[in-house]
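Take a look at the structure set out below.
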Amino acid sequence: MIYEGYIKVLYIDMTTGKIKIENRKDLCEYLGGVGVATKLLEETIRPDLDPLDENQPIVFAIGAASSIFPVITKTVAMFRSPLTGELGESYAGGRMALTMFLAGYDAMVIQGKAKKPSYLAITRNNVGFKDARAFWGMSSDEVGRVIRDREPGGGKRSIIRIGPAGENMVHYASVCVDTYRHFGRLGLGAVFGSKNLKAISIVGDRNLPIKNFKEYFKVYQDIYKKVTDTEIMAKYHDAGTPINIEPLNAAGGLPTKNLKQNVFEHGDKISGETFANQNLVRKMACTGCPVGCIHIGQFRREFDKGHEYEAVSVGYDYELIFALGSFLGIKTSDEVLQLIEPVEHLGMDAMSTGVVLGWATEAFAKKLITEEQTLVPLSFGNTANYIKAIEYIAAKKNEFYTALSEGVEKASDIYGGKDFAMAFSKNEMAGYHTGYGMILGSTVGARHSHLCNGGYSVDQSMKEFNKEKLVDAIFAEEKERCMLNSLVICLFARKVYDRTTILAALNSIGNNLTDEDLTAIGERIYKAKLRIKKALGYDQMSVRLPKRLFETPSYNGQLNEDTAYELIAMYNQKIEEFMAK
Amino acid sequence: MNKCIGCFTCMLTCSGVNRQNHSLSKSAIRVKTSGGLQGKFISVVCLACRDERACAEACPSGALEKRPGGGVMLKPEKCIGCRKCESACIVSAVSYDENENKPIICKHCGVCTRFCPHDCLRMEDVTNDL
Amino acid sequence: MRIQISVTSWFKRFTDGIAEMEIEVSDGAAAVEAVLKTGIPLKEIGFVTVNDMKVDMDHLLHEGDRLRAYPTIIGG
């Protein structure tokens, strides 16, 4: 808790409807965010039970300077992932961090299962366990709207919720935060569903005087100036992350048609520029972020004969355009948005959904599966059938779609096609076929995400390929991000928040950490994560990579399978030494 | 205001500079959505009424003095916390500080405009109306 | 010698809004020399292609080459 020497944890038991608050001094050595969440997860996770068992915890945490400096906007969620069976970690922006901060909670641990569908209404002086039976089955959009009307605190409120996919426990169901942001990856939505938890509303309206205004505001202004004056951040606001489509496509790093190709012949039709020119209607920001990277695109839909039209708006980003665009051979920006809409409303991770469908499309073409199973013929570029397939996944329509709802690893276990099931340790790939950095980074990353260590970024900046240097860079970045995520800074601003800036910010609010402390915190967190992974039975050396990665050339040319495995072994050696220290 | 991205930096800096508080609730400017996040952002802030000021007229204790150019200045020592100014302001630009028991009155200091990253807010030069 | 340069939309902020240009560089110049003449800061450049092939910045240019500059990839 800012200005206090402890971390305030709110424990919520969905089974009994009871809460408990603990002020934990011991957690301060984990700083906040992912550090505190990792420790709380370690204390409450049940390695002996299924990820969707009601006794598994959901942990949320904010950081030591959340919301009071620009772009420190994220909340971290940790849980046992139903998709991978191991460490689940996901981040979302929106208003959640600010409302937790001003409701007065650094972390929340949710355990147990409500008897009936419920939602939580959290304020600074109450936690309400409320009836959500009539909300069950509602889209994430719809339930947001009804809770907005029922709960007070507009403007100082965050509403996080699941859609039908979460209720049905699709293993990569997402949690929507304030309409346009998400805990997307690794299936937090399913864990909500397993607890009969449809939504959480948080109102933050606490009075919190600033301790040392002069010092604080001086640092605030410096950071604000850095964020708003530099080109680093302007790019995220301008066309946003979809700007990546063009360079990745030109360099052969854009996963296309289940990575059968690394270049998409219709890439220019789904580029950031095309979206900006044809669909972009609005930009928004998370609370406390002057950048505003949220891009809202619009398409027109005829919902009935006789010129009955509606305008549909959905958020878009690079990863969504990759997963529900190039990866599925979708040829226009309008159609990409048409696919994002059901994924959004049903509440699923867009990346996993797209990658799973890419596999299904190829498996269908190779006759590993039949139309009896897919119910509609799947082919690259066929938007209408993909929309149906997305609905079937969320509903677990039949045995085949139930398998799809458990991820591409599970589906290929049953139906074959492992060589083109594009996942790293069961987590579906991100949109960067950039080279060994991406492959190594995603495989060894604590949660198997490109965000664990930004391997794609190393691929881009490394002048000459060098195994040792690559392993060192990924290892260093993984630890550094543990520290950044303990604050919880939006990673888009990681170049703004260098060590000096972080220390200036923390020191100005009376947190007198040093550079060495930050290093120690990062290492402490990474070790705790690795301990959890081990307890959950994860073995780095048994990971198999899909052969497709080595068949289709990357941004950095053709890749060699043996080299990839060698890198993984080298990294494994490194963490074994690290853990023994 | 169509350019507003809803970052709330104006509110955070107003609360910070004018009330030395991290809370959003202490800000004299409020950015709201009309109809959830899918609706438009609107800003609610003192319009700096000239000639006649309803809030000052409603004040029974003379705590709101006319500010040259428009709007009012709060004399906290004269304020009795009756909240009449709050209801008198028909654009709802006066909110209430529950901790201080005083209304939150915009000083027209312009800090919100300085920290608006997308130039939605601006200051205007006005003539003295008093 | 003269070469053709095109830049992606993001770079137009550094080139006075111009997306395509023809510039004069010394004979046997490397790609980096041509890029510097556009006014785009080097740190903004992810990579360049010459005649649609991705090349290093020290790639040597020839009369009439078409060079295109791409921004760095961004993300979390």
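The values are calculated or read from the model by the stated rules, or taken from the named source; none is laboratory data. The model shown is predicted, which means the values in this text are computed figures rather than measured ones. We place every Cβ from the backbone using ideal geometry, glycine too, and count neighbours over all the protein chains shown.
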Residue check: is A:Phe322 away from every other protein chain (no Cβ under 14 Å), aromatic (Phe, Trp, Tyr) and either surrounded by 22 or more Cβ atoms within 10 Å (Cβ to Cβ) or part of a strand (DSSP E or B) (or both)? no
State all residues of segment B:90-128 that are more than 19 Å from B:Ser15 (Cβ to Cβ) and surrounded by 15 or more Cβ atoms within 10 Å (Cβ to Cβ); if no residue qualifies, say none. B:His118
Taking the options A:Lys469, A:Lys463, A:Lys479, A:Lys426, name whichever one is without any contact (Cβ under 8 Å) to a residue 60 or more places away in the chain and closer than 22 Å to A:Ala535 by Cβ. A:Lys479
Restricting to segment C:7-20, and then to whatever is more than 10 Å from every other protein chain (Cβ to nearest Cβ) and surrounded by 15 or more Cβ atoms within 10 Å (Cβ to Cβ), can you tell me which residue is nearest to the chain's Cα centre (by Cα)? C:Val7
How many residues of segment A:202-243 are touching a residue at least 40 places away in the same chain (Cβ under 8 Å), surrounded by fewer than 19 Cβ atoms within 10 Å (Cβ to Cβ) and polar (S, T, N, Q)? The answer is 3
Hey, can you tell me all the residues within segment A:481-530 that are more than 20 Å from A:Ile62 (Cβ to Cβ), in a helix (DSSP H, G or I) and either of a type in the set (Val, Ile, Thr) or within 14 Å of another protein chain (Cβ to nearest Cβ) (or both)? A:Thr500, A:Thr519
Kindly establish whether A:Glu468 is among the acidic types (Asp, Glu) and either outside any helix (DSSP H, G or I) or not assigned by TED's automatic domain parsing to the domain that holds A:Lys260 (or both). yes
From A:Met96, A:Met78, A:Met108, residue being among the hydrophobic types (A, V, I, L, M, F, W, C), buried (at least 22 other Cβ atoms within 10 Å of the Cβ) and within 16 Å of A:Ile19 (Cα to Cα): A:Met108
If the Cβ limit is 8 Å and pairs must be 6+ apart or interchain, which residue in segment A:28-44 that is among the basic types (Lys, Arg) pairs with which residue that is part of a helix (DSSP H, G or I)? A:Lys39/A:Leu27; A:Lys39/A:Tyr30; A:Lys39/A:Ala528
Is it true that some residue in segment A:163-183 is away from chain C (no Cβ under 14 Å), of a type in the set (Phe, Trp, Tyr) and assigned to a helix (DSSP H, G or I)? no
If you take the residues in segment A:284-296 that are closer than 23 Å to C:Tyr70 by Cβ and touching a Gly at 6+ places or on another chain (Cβ under 8 Å), which one is nearest to the other protein chains (Cβ to nearest Cβ)? A:Cys293
Hey, which of the strands (runs of 3 or more DSSP E) in segment B:1-80, taking only ones fully inside, have at least 1 residues that are surrounded by 14 or more Cβ atoms within 10 Å (Cβ to Cβ) and within 14 Å of chain A (Cβ to nearest Cβ)? B:30-34, B:40-44
Report the residue count in segment A:378-406 for those that are surrounded by 22 or more Cβ atoms within 10 Å (Cβ to Cβ) and not in a helix (DSSP H, G or I). 3
Over segment A:427-449, the set of residues more than 15 Å from the chain's Cα centre (by Cα) and in a loop (DSSP other than H, G, I, E, B) is A:Tyr432, A:His433, A:Thr434, A:Gly435
State which residue pairs qualify: first residue at pLDDT 95 or above and inside segment A:494-509, second residue of a type in the set (Asp, Glu) in any location, beta carbons under 7 Å apart, and separation of 6 or more residues or different chains. A:Arg499/A:Asp515; A:Leu503/A:Asp515; A:Ser508/A:Glu215
Go through (1) at pLDDT below 95; (2) more than 25 Å from A:Pro247 (Cβ to Cβ) for A:Glu464 and report which single condition fails. (2)
C:Val48, sole failed condition from (1) more than 20 Å from A:Val263 (Cα to Cα); (2) surrounded by 13 or more Cβ atoms within 10 Å (Cβ to Cβ): (1)
Could you look through segment C:39-76, keep only residues that are assigned to a strand (DSSP E or B) and over 26 Å from A:Lys495 (Cβ atoms), and pick out the one that is farthest from the other protein chains (Cβ to nearest Cβ)? C:Leu60
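Specify the residue that is nearest to the other protein chains (Cβ to nearest Cβ); the eligible residues are those in segment A:297-319 that are in a loop (DSSP other than H, G, I, E, B) and surrounded by fewer than 16 Cβ atoms within 10 Å (Cβ to Cβ).
In this case the residue turns out to be A:His307.
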Tell me which of these A:Arg181 doesn't satisfy, since it passes every other one: (1) crowded, with 24+ Cβ neighbours inside 10 Å; (2) of a type in the set (Lys, Arg); (3) more than 26 Å from A:Gly128 (Cβ to Cβ). (3)
Somewhere in segment A:38-50, is a residue away from chain B (no Cβ under 14 Å), over 14 Å from A:Ala528 (Cα atoms), over 25 Å from the mean Cα position of the chain (by Cα) and in a helix (DSSP H, G or I)? no
Can you confirm whether segment C:34-41 contains a residue that is exposed (fewer than 14 other Cβ atoms within 10 Å of the Cβ) and in contact (Cβ under 8 Å) with a residue 24 or more places away in the chain? yes
Filter result for the condition that a residue is over 30 Å from A:His295 (Cα atoms) and of a type in the set (S, T, N, Q), over A:Thr44, A:Thr73, A:Thr99: A:Thr44
